[in-house]
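Notes follow once the structure below has been shown.
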Amino acid sequence: MESAVYRNKSGNKPAFWPWLALALAGVALTVSLGNWQTRRAAAKEQLQRHIAQAMQAQPLAFDGHVDPGATLEWRRVSLRGQYLRERTVYLDNRIQNVSGQGVVGFYVLTPFQLEDGVTQIIVNRGWIARDAHRIGAVPPHDNPTGVLTVEGVLHKEIGQTLQLAAASSASGPIRASFSVDAYQRETGMTLSPWIVYQLDRAQEARSDGLVRDWQLPALGVEKHRAYALQWYAMACAIALGTVVWLWKRFNRGNEA
């Protein structure tokens, strides 16, 4: 005679097989989700290493003829040429941490004419605080002249942390948003698709009054690890609960 543990209340069909199958499916699903989060964490760790290596590498001479492939993202570059100061754009409502407080200001974006005489590239020269008493005015800052060398980090126009807003129809020096493509159409310039975030390397960069505290992207590696741990813990809980449930069922069946 079959033990009662194998039958439902009607005594005709096995009672625990559907629940056991559901529990096993739950374990498989949660383990799979944990593995997925683990893979995402590993991929972002690899990206972090790539960013660190790219930023520590010797600057690449960017002459306008370098293939603008994805591998150049976060690459340190060196530009030789001069700023087109009259084309400077001020990107408004940019928040900078100053002495522990968020201060509103501008990103100073200036086209840089490379020595080839053909290509220009937008340089984010840094941040400057807005004058609280003159909202529509640009605070004074130094504008280097003549041929000079600029070092910075390459980013695509739409990045993760250093992301610029989508293009708008606004014109004039102060803008709420900026797009390389839109600015190129507006000015007729031959712009590289990259934006260079200038670093404090040259003396003129350190003395122009602009802040260049660029933040690396928050890739969320620890978040993915925490999610993976939660999924693995859930899988363990389902497995342990299933074992306890089966043990109790078999014990009741044997007692019957």
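The values are calculated or read from the model by the stated rules, or taken from the named source; none is laboratory data. Worth saying up front: this structure is predicted, and the values here are computed from it rather than measured. Using ideal geometry, Cβ is built from the backbone for each residue, glycine included, and neighbour counts are taken over all protein chains shown.
Conditions (1) among the aromatic types (Phe, Trp, Tyr); (2) in contact with a helix residue (DSSP H, G or I) (Cβ under 6 Å, 6 or more places away or on another chain); (3) modelled with pLDDT under 90; (4) closer than 30 Å to Thr110 by Cα, marked per residue:
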position: Ser192; (1), (2), (3), (4): no, no, yes, yes
position: Gly209; (1), (2), (3), (4): no, no, yes, yes
position: Trp214; (1), (2), (3), (4): yes, no, yes, yes
position: Gly220; (1), (2), (3), (4): no, no, yes, no
position: Ala233; (1), (2), (3), (4): no, no, no, no
position: Ala256; (1), (2), (3), (4): no, yes, yes, no
Review point. So, in region 101-144, of the ones that are touching a helix residue (DSSP H, G or I) at 6+ places or on another chain (Cβ under 8 Å) and among the polar types (S, T, N, Q), which residue ends up surrounded by the fewest Cβ atoms within 10 Å (Cβ to Cβ)?
Key: Asn143
Check your understanding: Are any of the residues in region 151-165 at negative phi, modelled with pLDDT under 80 and outside any loop (DSSP other than H, G, I, E, B)?
Key -> yes
Exercise for review: Only residues in region 115-134 that are farther than 14 Å from Arg94 by Cα and modelled with pLDDT of 90 or more count as the first member; pair them with residues that are small (Gly, Ala, Ser) and in a loop (DSSP other than H, G, I, E, B), Cβ under 9 angstrom, at least 6 apart or cross-chain, and list the lot.
Suggested key: Gln120/Gly64; Ile121/Gly64
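Can you confirm whether region 197-204 contains a residue that is basic (Lys, Arg) and at pLDDT below 80?
Within region 197-204, the subset basic (Lys, Arg) is 201.
Add one more test, that the residue is at pLDDT below 80, and what stays is 201.
There is at least one residue in region 197-204 that is basic (Lys, Arg) and at pLDDT below 80.
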